[in-house]
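First the structure, in the form of structure tokens, and then the observations on it.
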Amino acid sequence: MGGVTDPVPTTCMRCAVGCGHVQQPVEQGYGLDIVRGDPAHPVNRGLACQRGIRETADPDGEWLTRPLVRRDGELVPTTWETALEHATAGLGRALENASTSVAVLGSGQQTNEAAYALGKLARGGFGTRYYDANTTLCMASAVTAYYDAFGSDAPPPTYDDIPAARTHLVWGANPAVAHPVLFRWIQQSAGEDDSELLVVDPVASETTDGADCHVAPDPGGDLALARAVLARLVETDRLDDEFIARATAGFEELRERLPDVSAAAERAGVSTADVDRLAAAFDASTLVYWGMGVNQSVNGTATAGALIDCCLATGNLRPGSGPFSLTGQANSMGTRVCSSKGTWPGHRPFDAPEHREFVADAWDVPLSRLPDDPGPGPVGIADAIGEDVSAVYAVATNPAAGMPDATGVRERLAETFLVVQDAFRSETVELADVVLPAATWGESEGTTMNMERTVSRVRAATETPAGVKSDLDLIGTLASRLAPDLFDEPPTPETVFDELAALTAGTDADLSGISYERLERDVAVRWPAPEPDAAGGYRYYESELPDDDRDGAAESWSFPTPSGRARFSAGRAAPAPEPPNEEFPLTLTTGRQPDAYNTGVRTRPSDADAPVARVSPATALAFATELGDEERGSPEADAPLSAQDGRVVSRRASVHVRLESDESIPDGVVWLPIHHPAVNDLTLPVVDPRSKEPHFKQCAVRLEPVRTRENRPVATPSSR
């Protein structure tokens with residue numbers, strides 16, 4: 001069967017920038033021939049990154065094209081009916097025991113419609129509290145900090161504010177790699193005569209290459225540095241006292257707890273001159289961008305809150321400024337708004353009984369079926385497998401590789417009944433009892449929501465083989481068998497969106513003025529959009545005058561907090577959960593690679609090579625020297641020593657790596673890519689106590705030769 005023949009406008013699902021694409025199907029068969037940026041899309045106006053184009057048109061990885069079931073320990077092809085029967089029977093047995101016996105794991109790669117339907121099935125059909133999405137692994141700390149400060153989720157700024165900003169401060173993020181189109185806008189603005197780009201990152205990343213200043217704290221030093229910056233802002237009287245008095249609460253209490261600048265700088269591993277440089281940057285209109293380097297920490301919420309505090313203290317909460325968390329996955333924002341993961345649809349809070357009652361009534365399910373808390377987060381769900389949880393339904397996610405301490409997660413998944421719904425073969429698929437092949441980019445219908453709250457259409461440009469179904473079709477089919485009254489009729493993208501949008505009416509994340517008809521006309525609409533002609537802009541701020549002619553009397557702010565004011569944060573630093581010691585003298589950190597996607601299911605060959613571990617020249621030399629001493633006198637001593645061959649060892653696992661000497665990595669640090677499936681065997685399953693986001697970015701490790709006979713340190717950090 002051939003695909004559609006005309007070019008189809010859609011939205012790229014590679015990252016959360018939300019670029020419009022135009023996709024041209026192949027003339028014969030299934031697949032895409034040409035993918036390019038869409039000049040008509042208001043987000044990117046024709047710009048597109050080559051990575052998003054390539055991964056859409058020609059992804060790597062092994063496609064799933066037929067349903068699979070496990071027989072005699074092996075995954076074998078089967079019919080759709082057999083696969084669905086097996087999935088229904090296994091999940092049904094667990095539900096007979098208790099509603100919480102089934103765990104559901106979703107994803108930031110789903111459309112809004114699929115995310116909503118999955119959440120409706122998990123919460124309203126199954127009634128489980130063991131439901132979450134992999135977006136919690138990357139964005140939960142930023143979300144919690146936004147709620148703390150503003151009473152609602154999502155960044156105040158939009159892309160429209162980037163050209164107007166004079167300072168672009170990128171903290172713990174690498175948008176040159178993670179968000180190339182967005183970074184182009186940042187570079188263009190920072191390249192103007194009165195503008196600058198500053199980067200805070202322990203590693204000299206691709207984003208630092210063109211920066212005006214790079215400040216490199218020690219891994220885990222971000223909160224101490226952010227507090228040092230605010231303390232220096234106070235000392236040097238760089239505050240917006242009028243804004244603080246008019247629009248905020250809690251500043252005096254925070255001021256009393258601010259640290260000594262020199263002591264905080266020392267804890268962060270930077271000089272006081274670095275602190276002064278960052279403090280001075282807030283004199284101009286400042287956009288502060290942050291990412292996983294801040295969020296993925298036991299101090300993630302506190303650090304994100306401290307960055308917001310710097311914006312509040314200096315009045316950087318107007319157009320052209322503000323705190324802008326950079327979302328990694330394409331539809332992380334949509335998952336937060338739509339999926340009933342951390343809130344009910346429209347950011348309705350779990351701890352408000354009236355919202356829970358409203359949702360139960362809208363879904364026509366017993367109130368008692370809906371959980372009254374969002375659950376323990378992904379790490380807590382993994383811990384419950386084999387105890388409270390006896391069956392798992394995983395959709396478009398790869399917890400066997402993406403969770404911290406992944407070896408333990410794999411062991412638990414292997415012992416439970418596991419249904420996996422995905423487009424590509426993954427480590428989680430290999431453990432499944434039932435595999436449901438799902439459609440991917442270019443094959444799906446629905447909507448998505450980018451990091452600046454803009455909703456746009458996702459359209460199918462090609463049909464799919466008979467062995468592949470859409471996420472929404474599969475969720476609807478399982479719902480019809482396990483919760484037959486949940487959907488009045490088989491769900492379709494447009495009817496599900498209309499239901500979802502109606503549920504958000506009157507909330508902070510109001511989509512009720514958006515429809516497929518409107519998106520056909522306007523292409524993309526930013527929420528809140530409570531009316532068919534309304535669209536959101538900069539949040540919380542209003543001015544009666546143009547931005548270039550405003551004054552204090554014409555400005556007003558309104559926040560959905562009990563006082564109507566923005567709140568300074570009260571987060572305190574938790575100690576590093578696993579500092580280096582004599583046995584594990586190095587610190588592992590993880591980051592993104594330019595051409596890799598999440599856990600690599602779309603961007604790696606089927607036989608993945610060992611991951612590249614980047615270390616400083618001094619660390620590499622210490623490894624080579626110590627290894628040479630160990631091998632001296634052995635039959636291999638005279639053989640050429642390859643410094644590229646080694647193992648990274650943590651308290652949880654040992655991973656074969658190819659070592660690479662790199663001056664951008666500080667001494668004492670080992671850098672590994674997040675995308676390789678072996679990396680999270682090493683990482684630590686400790687979470688931020690508020691957000692439940694894992695502490696991916698630091699754990700203690702050592703380097704060993706591959707052929708070592710003893711577990712002892714080989715490379716130790718040198719003084720910086």
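The values are calculated or read from the model by the stated rules, or taken from the named source; none is laboratory data. Just so it is clear, the structure is predicted and the values come from calculations on it, not from any experiment. Neighbour counts are summed over all protein chains in view; Cβ atoms, including those assigned to glycine, are modelled from backbone coordinates with ideal geometry. Surface accessibility is based on the protein's heavy atoms, side chains included, excluding ligands, DNA and RNA. Shrake-Rupley method; radii C 1.70, N 1.55, O 1.52, S 1.80 Å.
Some values worked out for this structure:
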{"item": "Arg123 vs. criteria at pLDDT 95 or above, basic (Lys, Arg) and open to solvent by less than 10 Å² (accessible area, probe 1.4 Å)", "result": "yes"}
{"item": "Flag if Asp132 is in contact (Cβ under 8 Å) with a residue 24 or more places away in the chain, surrounded by fewer than 24 Cβ atoms within 10 Å (Cβ to Cβ) and either under 24 Å from Gly300 (Cβ atoms) or aromatic (Phe, Trp, Tyr) (or both)", "result": "no"}
{"item": "Failed item in (1) under 30 Å from Glu256 (Cβ atoms); (2) at pLDDT below 95, with Pro546 passing the rest", "result": "(1)"}
{"item": "When residues of the range 339-359 are limited to those that are not in a loop (DSSP other than H, G, I, E, B) and not β-branched (Val, Ile, Thr), the one surrounded by the most Cβ atoms within 10 Å (Cβ to Cβ)", "result": "Trp344"}
{"item": "Residue among Arg318, Arg336 that alone is part of a loop (DSSP other than H, G, I, E, B), open to solvent by 10 Å² or more (accessible area, probe 1.4 Å) and in contact with a helix residue (DSSP H, G or I) (Cβ under 9 Å, 6 or more places away or on another chain)", "result": "Arg318"}
{"item": "Residue under evaluation Ser470, criteria (1) touching a Lys or Arg at 6+ places or on another chain (Cβ under 6 Å); (2) open to solvent by 10 Å² or more (accessible area, probe 1.4 Å), criterion not met", "result": "(1)"}
{"item": "Val215, sole failed condition from (1) open to solvent by 20 Å² or more (accessible area, probe 1.4 Å); (2) closer than 19 Å to Thr286 by Cβ", "result": "(1)"}
{"item": "Check on Arg66, within 26 Å of Thr599 (Cα to Cα) and basic (Lys, Arg)", "result": "yes"}
{"item": "Strands (runs of 3 or more DSSP E) wholly inside the range 167-274 that include at least 2 residues being within 24 Å of the chain's Cα centre (by Cα) and closer than 14 Å to Cys311 by Cα", "result": "167-171"}
{"item": "Test for Arg70: is it out of contact with any His (no Cβ under 8 Å at 6 or more places or on another chain), open to solvent by 30 Å² or more (accessible area, probe 1.4 Å) and not small (Gly, Ala, Ser)", "result": "yes"}
{"item": "Segments classed as helices (runs of 4 or more DSSP H), wholly inside the range 360-465, with at least 1 members that are open to solvent by 40 Å² or more (accessible area, probe 1.4 Å), farther than 21 Å from Gln110 by Cβ and in contact with a Ser or Thr (Cβ under 9 Å, 6 or more places away or on another chain)", "result": "406-414"}
{"item": "Members of the range 496-517 found to be among the β-branched types (Val, Ile, Thr) and either open to solvent by 60 Å² or more (accessible area, probe 1.4 Å) or assigned to a loop (DSSP other than H, G, I, E, B) (or both), listed by number", "result": "Thr504, Thr507, Ile514"}
{"item": "Given (1) touching a residue at least 60 places away in the same chain (Cβ under 8 Å); (2) surrounded by fewer than 18 Cβ atoms within 10 Å (Cβ to Cβ); (3) within 30 Å of Ala247 (Cβ to Cβ), index of the condition Asp485 fails", "result": "(3)"}
{"item": "The listed residue being out of contact with any strand residue (DSSP E or B) (no Cβ under 9 Å at 6 or more places or on another chain) and either at pLDDT 95 or above or closer than 18 Å to Leu418 by Cβ (or both), out of Arg66, Arg71, Arg93", "result": "Arg71"}
{"item": "Members of the range 275-291 that are of a type in the set (A, V, I, L, M, F, W, C), in contact with a strand residue (DSSP E or B) (Cβ under 8 Å, 6 or more places away or on another chain) and not in a loop (DSSP other than H, G, I, E, B)", "result": "Leu278, Ala281, Leu287, Val288, Trp290"}
{"item": "Test: residue in the range 11-24 that is of a type in the set (Gly, Ala, Ser) and within 20 Å of the chain's Cα centre (by Cα)", "result": "yes"}
